[in-house]
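The values are calculated or read from the model by the stated rules, or taken from the named source; none is laboratory data. Worth saying up front: this structure is predicted, and the values here are computed from it rather than measured. For neighbour counting, all protein chains shown are included, and Cβ atoms are generated from backbone atoms with ideal geometry for every residue, glycine included. Keep in mind that these areas ignore ligands, DNA and RNA; they rest on the heavy atoms of the full protein, side chains included. Shrake-Rupley method; radii C 1.70, N 1.55, O 1.52, S 1.80 Å.
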Amino acid sequence: AIIMDGNGRWAQERGLPRLEGHRQGTENIRRVVSAFGKYGIKYLTLFAFSTENWNRPRPEVNGLFRLLAQVIDRETEDLHRREVRLKHVGRLDGISPRLAKRVKQAVELTKDNTGMTLSVAFNYGGRAEVLDAVRSLLSRGIPPADLDEDIFRRYLYTPDLPDPDLIIRTGGEVRVSNFLIWQAAYSEYYFTPTYWPDFGDEEIEKALLAYSQRQR
């Protein structure tokens, strides 16, 4: 899984609008997915927009939504041809019905593909996920004595995904930012100062090499 960070700072250091950094970040997704695919990675989750990102300036938020719509329109058919299965992780409420429909259509189109599973965490927050799971459990009247970790995980946003072995954060920050806080209980972390638009083959190789040298 990857926390894609540093788009805004990448742009600011080049005298560009922050949204241009986000646009370059979306361009990098295709390259990164292809690179991980060459290593035989079966599950990749990208943290694209958190529930806390709603606090950003409204023009930036609207721009991020437009970029997501463009990425869906531009990439879905190609990913489908490459047998990539797309999944959305997070909430769809709060975003426009038109964008939510696009997300659902992309997921539906690729649901039977057998290649890499590419999950996009959009409008996602780890604490919100846990709370949503608790609400679902309570609404179904599951007895507390019957509750265990296996049952609880069925009510998370990722019931059919394995927990991530490795979580990468780009951009130089060293924190988890409310990302997969249940699923990452035993994950390895790799932090790099490289901004997301510049995160390419060399950085991917470094991250996987560092992971391979850790004792699990």
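Residue by residue, what Karplus-based ³J(HN,Hα) values in Hz, rounded to whole numbers, does the stretch 72-78 have, using 6.51, -1.76 and 1.60 with θ = phi - 60° and x for Gly and Pro?
Listing the rounded values in order: 4, 5, 7, 9, 4, 4, 5 Hz.
Could you give each residue of the stretch 97-107 its phi-based ³J(HN,Hα) in whole Hz, using Karplus coefficients 6.51, -1.76, 1.60 with θ = phi - 60°, and x for Gly or Pro?
So the J values, rounded to whole Hz, are x, 5, 5, 4, 5, 4, 4, 4, 5, 5, 5.
Please compute the net charge surrounding Lys111, taking Lys and Arg as +1 and Asp and Glu as -1 over other residues with Cβ under 10 Å from its Cβ.
Numbers: positive: Arg85, Lys87; negative: Glu108, Asp112.
Taking every Cβ under 10 Å from that of Lys111, the sum is 0.
Around Leu166, which amide H atoms from residues at least 5 apart in sequence, or from another chain, sit under 5 Å from its own amide H, with H modelled in the peptide plane?
For Leu166, the qualifying residues are Glu188.
For Arg82, Arg66, give me the order by solvent-accessible area with a 1.4 Å probe, most accessible first, ignoring ligands, DNA and RNA. Spell out each step's value before the answer.
Values: Arg82 90, Arg66 130 Å².
Largest to smallest exposure gives the sequence Arg66, Arg82.
Please calculate how many Å² of accessible area the stretch 1-130 carries per residue, with a 1.4 Å probe and no DNA, RNA or ligand atoms counted.
Working: 6450 Å² over 130 residues.
Here the per-residue accessible area is 50 Å².
Shape call for the chain from the C-alpha gyration tensor, a ≥ b ≥ c root eigenvalues: rounded (a/c under 1.5), prolate (a/b greater than b/c) or oblate?
On the way: a/c = 1.43, a/b = 1.24, b/c = 1.15.
Here the chain falls in the rounded category.
Hey, can you find the accessible area per residue of the stretch 134-202 for me, probe 1.4 Å, expressed in square angstrom? List each step's numbers first, then the result.
Numbers: 3950 Å² over 69 residues.
Per-residue accessible area for the stretch 134-202 comes out at 57 Å².
Pull up all non-local amide H partners of Ser119: gap of 5 or more, or a different chain, and H-to-H distance under 5 Å with H placed in the peptide plane.
For Ser119, the qualifying residues are Leu44, Thr45, Leu46, Lys87.
For the stretch 12-28, what does the Karplus curve 6.51 cos²θ - 1.76 cosθ + 1.60, with θ = phi - 60°, yield as ³J(HN,Hα) per residue in whole Hz, taken in order and with x for Gly and Pro?
So the Karplus estimates, Gly and Pro as x, are 4, 5, 10, x, 10, x, 4, 5, 5, x, 5, 5, 5, x, 5, 5, 6 Hz.
If you take the beta carbon distance between Asn53 and Tyr186 as r and set R0 to 25 Å, what does 1/(1 + (r/R0)^6) give as a FRET efficiency, to the nearest 0.05? Could the numbers behind the result be given before it?
Details: r = 27 Å, r/R0 = 1.07.
E(calc), rounded to 0.05, equals 0.40.
Cα gyration tensor of the stretch 154-216, axes a ≥ b ≥ c as square roots of the eigenvalues: rounded (a/c below 1.5), prolate (a/b > b/c) or oblate?
Details: a/c = 2.06, a/b = 1.54, b/c = 1.34.
The shape class here is prolate.
What's the carbon and sulfur percent of the stretch 59-204's accessible surface, probe 1.4 angstrom, rounded to a whole number? Kindly include the intermediate steps, with their values, before the conclusion.
Values: 3990 of 7630 Å².
Carbon and sulfur together cover 52 percent of it.
For the stretch 108-214, which chymotrypsin sites (Phe, Trp or Tyr not before Pro) are both in a DSSP coil and crowded by at most 14 other Cβ atoms within 10 Å? Display every interim value, and only then the final one.
Working: sites: Phe122, Tyr124, Phe152, Tyr155, Tyr157, Phe179, Trp182, Tyr186, Tyr189, Tyr190, Phe191, Tyr195, Phe199, Tyr211; in loops: Tyr155, Tyr157, Phe179, Trp182, Tyr186, Tyr195, Phe199.
Those satisfying the criteria are Tyr186.
Might you report the magnitude of the Cβ-based charge dipole of the chain about its Cα centre, with Lys and Arg at +1 and Asp and Glu at -1, to the nearest 20 debye?
Numbers: 32 positive and 30 negative charges, 116 e Å.
So the magnitude is around 560 debye.
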